[in-house]
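The values are calculated or read from the model by the stated rules, or taken from the named source; none is laboratory data. Model, not experiment: these values are computed from the prediction. Note that each Cβ is placed from the backbone with ideal geometry, even for glycine, and that neighbours are counted across all protein chains shown.
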Amino acid sequence: MRAPSVRGAQTAHAFGVVAAVEPALRDLDLGTWCGRTVDEVAAADPDGFSAWLSDPDAAPHGGESVRRLCRRTARWLNHGAPETGHVVAVAEAAVVRAALVHALALPARAFWHLAVPPLSPVSLTWRGGQWDVRLGHVAGQSRRGSLSPSATSARGGGDRCVEARPGGGKRSTPFLETVFAGCG
């Protein structure tokens, strides 16, 4: 599965992953701020920009709030993965952050404090009714830093990866794994 963006398509292709479009993996909707730089937005709407960074319910741009993104991502993690047991998902960095907020049961205001730099894998594993988080590791990762085909059938550089076993206790599948490969 992949985000519906051009970046999502290009990243999936670079990884060698054939991926269906998944609307729930789309980037944060920035409304009227879309296409503008951070400096442009901060200069044109300093109060709105400040509110957006400090209040997860703020959407001064008329798009999606951080809290809504976190809820959308949590719903997808809990209900969206197919029953195959394994999913590769190419998602936007904001979606990876939102997945971490959900997995760690953090308040949505923590969203902006989670960095997802290129080539920094983060494993999220659903186990025993809670999430386990491992930074800097994806199952099957080789020492060279690329992912093994057994882990995700993905290869590429400059992207973030998150592995997850969604379920939130809402699935009967004993093993369900999703690997996010963040768009770069």
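Given the criterion at pLDDT 95 or above and in contact with a helix residue (DSSP H, G or I) (Cβ under 8 Å, 6 or more places away or on another chain), identify the matching residue among 24, 42.
On the way: 24 fails: at pLDDT 95 or above.
Sole residue among the options that is at pLDDT 95 or above and in contact with a helix residue (DSSP H, G or I) (Cβ under 8 Å, 6 or more places away or on another chain): 42.
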Report task. With the condition kept exactly as written, say whether any residue in region 124-134 is under 20 Å from residue 16 (Cβ atoms) and either touching a strand residue (DSSP E or B) at 6+ places or on another chain (Cβ under 6 Å) or modelled with pLDDT of 80 or more (or both). Result -> no
